[in-house]
Amino acid sequence: MRFLTAGESHGKELTTIIDGLPAGIPIDVNEINSELKRRQGGHGRGGRMKIETDTVEITSGVRHGKTLGSPITLIVKNDDFKNWQTVMGIEEVSDREKKKRRVSKPRPGHADLVGGIKYEHDDLRNVLERSSARETTVRVAVAAVCKRMLAELEIDIAGHVLEIGGVKAEITETLTVKEIRKRAEESSVRCVDSKIEAAMKEKIDETKKAGNTIGGIIEVVAENVPVGLGSYTQWDAKLDGKIAQAILSINAFKGVEFGVGFKASALYGSEVMDEIVWSKEKGYYRMSNHLGGFEGGMTTGMPIVVRSVMKPIPTLYKPLMSVDIDTKEPFKASVERSDSSAVPAACVIAEAMVTIELAKAVLDKFESDSFEQLKKEIKMYRNRVREF
Ligand code: EPS
């Protein structure tokens with residue numbers, strides 16, 4: 001399975017084509033829309049989300065509520081486009097028109113300057129329109145379809161926010177994915193620790209007032225993943241590596257770790273490896289899950305636990321020094337509109353990327369033409385590995 005996305009932040013619409021999903025997966029537009037709504041929310045969002053009500057239109061690959069096995073096209077319209085029709089129009093315009101909303105002042109930390117140099121864009125808007133987190137809308141739509149497929153295979157995934165701007169959740173127990181989902185959904189910052197929610201919100205509000213932005217840490221957990229997705233046999237077949245790449249492809253994400261992650265550097269081997277046991281009901285399992293569900297680039301059957309860090313959004317009200325590409329003069333960058341924190345929204349996106357990679361890995365290993373066959377095959381496989 002693969003997908004591509006297209007679309008500019010203030011262009012007409014965002015599009016994705018998903019290729020390689022089996023035939024027969026139930027599709028419900030409302031389910032996709034509710035995932036899109038999750039991504040739009042969260043404390044710290046700016047003015048743009050008041051303009052958009054993201055809803056999907058399916059224009060191919062689905063008939064009578066089920067996938068056909070042919071490419072699926074999903075479209076999300078940008079409601080803001082009505083305010084940008086000439087600026088983002090397809091037709092040539094006069095030089096005078098071209099100057100309107102032209103960007104010559106690159107923001108530090110955004111793709112503006114390097115993208116402009118690389119593609120020789122005289123107007124940096126040509127870069128920022130595509131290098132905008134708006135693009136992740138349709139990734140979440142793809143993931144909603146994948147999520148439904150994985151749910152039917154009893155694979156459950158949820159994300160939650162561990163930290164925003166240095167304010168940390170305190171989690172003393174191991175939560176199931178169901179519990180994580182329930183608590184994160186109830187929280188405006190997607191934090192399962194309700195005691196810390198107010199402090200996180202306060203931090204976001206303070207930051208906004210100061211014209212600044214903050215990042216955070218997100219954890220995604222997946223349960224009941226079959227043993228042996230991914231492979232040790234080739235560098236690019238390792239599923240933890242693929243998940244890491246997928247997460248780092250999200251705008252502003254700078255790091256990924258699995259299980260104990262970077263803490264492993266200070267631990268003994270005996271504290272990191274997960275001891276193996278077997279029982280008739282459960283088959284093989286581990287006494288702990290320090291490795292976050294992976295050994296040799298393959299899923300162990302234990303929950304996948306992946307954490308990632310998002311840097312603060314580079315679009316700041318508080319100006320930073322930069323250089324105008326026309327005059328080469330220094331200036332202080334300023335903006336009209338920004339999110340002070342998009343960490344809760346980014347949590348939905350990280351969850352989406354893990355979902356997509358897991359769906360791809362399932363379809364790499366098992367039947368990928370007929371969903372009914374896939375379900376049967378996975379059931380048989382789960383029974384077989386218990387007896388290995
Ligand atoms: C973004 C800037 C803001 C964000 C946007 C990402 O948009 P605008 O420039 O229209 O104010 O709201 O995020 C989204 C639109 C979204 O859907 O998440 C940027 O520069 O990356």
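The values are calculated or read from the model by the stated rules, or taken from the named source; none is laboratory data. The structure presented is a predicted model; accordingly, all values stated were derived computationally and were not measured. Methodologically, a virtual Cβ is constructed for each residue, glycine included, from the backbone with ideal geometry; neighbour enumeration extends over all protein chains shown.
Worth a mention:
- The single condition among (1) more than 16 Å from the ligand (Cβ to nearest atom); (2) under 20 Å from residue 291 (Cβ atoms); (3) under 23 Å from the mean Cα position of the chain (by Cα) that residue 183 does not satisfy is (2).
- Qualifying position, being away from the ligand (no atom under 16 Å from the Cβ) and within 22 Å of the chain's Cα centre (by Cα), among 343, 309, 323: 309
- In region 351-386, the qualifying residues are those that are touching a strand residue (DSSP E or B) at 6+ places or on another chain (Cβ under 8 Å) and surrounded by fewer than 19 Cβ atoms within 10 Å (Cβ to Cβ), and the one that is farthest from residue 245 (Cα to Cα) is 386.
- Residue pairs whose Cβ atoms lie under 6 Å apart, separated by 6 or more positions or on different chains, with the first residue in region 338-352 and farther than 17 Å from residue 158 by Cα and the second more than 12 Å from the ligand (Cβ to nearest atom) and in a helix (DSSP H, G or I), are 340/204; 340/207; 340/208; 341/204.
- Filtering region 154-164 to residues that are in contact with a helix residue (DSSP H, G or I) (Cβ under 7 Å, 6 or more places away or on another chain) and either β-branched (Val, Ile, Thr) or surrounded by 22 or more Cβ atoms within 10 Å (Cβ to Cβ) (or both) leaves 155, 157, 158, 159, 160, 161, 164.
- Considering residues of region 322-344 that are of a type in the set (Asp, Glu) and modelled with pLDDT of 85 or more only, the residue surrounded by the fewest Cβ atoms within 10 Å (Cβ to Cβ): 329
- Here residue 55 passes the criteria (1) within 14 Å of the ligand (Cβ to nearest atom); (2) closer than 30 Å to residue 365 by Cβ; (3) in contact with a Lys or Arg (Cβ under 9 Å, 6 or more places away or on another chain) except the one numbered (2).
- Region 366-377, residues that are touching a Leu at 6+ places or on another chain (Cβ under 6 Å) and in contact (Cβ under 8 Å) with a residue 60 or more places away in the chain: 367
- Checking residue 242 against (1) buried (at least 16 other Cβ atoms within 10 Å of the Cβ); (2) touching a strand residue (DSSP E or B) at 6+ places or on another chain (Cβ under 9 Å); (3) part of a helix (DSSP H, G or I), the condition it does not meet: (2)
- If the condition is being farther than 30 Å from residue 370 by Cα and touching a residue at least 12 places away in the same chain (Cβ under 8 Å), then region 143-173 contributes 160, 161, 162, 163, 164, 165, 166, 167, 168, 169, 170, 171.
- Output for region 284-321, where each listed residue is small (Gly, Ala, Ser) and either crowded, with 17+ Cβ neighbours inside 10 Å or touching a Cys at 6+ places or on another chain (Cβ under 7 Å) (or both): 292, 293, 297, 301, 308
- Any hit, region 274-285, residues being part of a loop (DSSP other than H, G, I, E, B), at pLDDT 95 or above and within 16 Å of the ligand (Cβ to nearest atom): no
- Lone unmet requirement of (1) within 30 Å of residue 325 (Cα to Cα); (2) assigned to a helix (DSSP H, G or I); (3) within 16 Å of the ligand (Cβ to nearest atom) for residue 102: (2)
- Scope region 261-290; condition without any contact (Cβ under 8 Å) to a residue 60 or more places away in the chain and in contact with a helix residue (DSSP H, G or I) (Cβ under 6 Å, 6 or more places away or on another chain); matching residues: 264, 272, 290
- Matching entry among 109, 115 (being free of Cβ contacts under 8 Å to residues at least 60 places away in the same chain and not in a strand (DSSP E or B)): 115
- Meets criteria (within 15 Å of the ligand (Cβ to nearest atom) and of a type outside the set (Phe, Trp, Tyr)) for residue 122: no
- Unmet criterion (only one of (1) within 16 Å of the ligand (Cβ to nearest atom); (2) in contact with a strand residue (DSSP E or B) (Cβ under 6 Å, 6 or more places away or on another chain); (3) in contact (Cβ under 8 Å) with a residue 24 or more places away in the chain) for residue 6: (3)
- Any chance residue 256 is β-branched (Val, Ile, Thr), part of a strand (DSSP E or B) and surrounded by 15 or more Cβ atoms within 10 Å (Cβ to Cβ): yes
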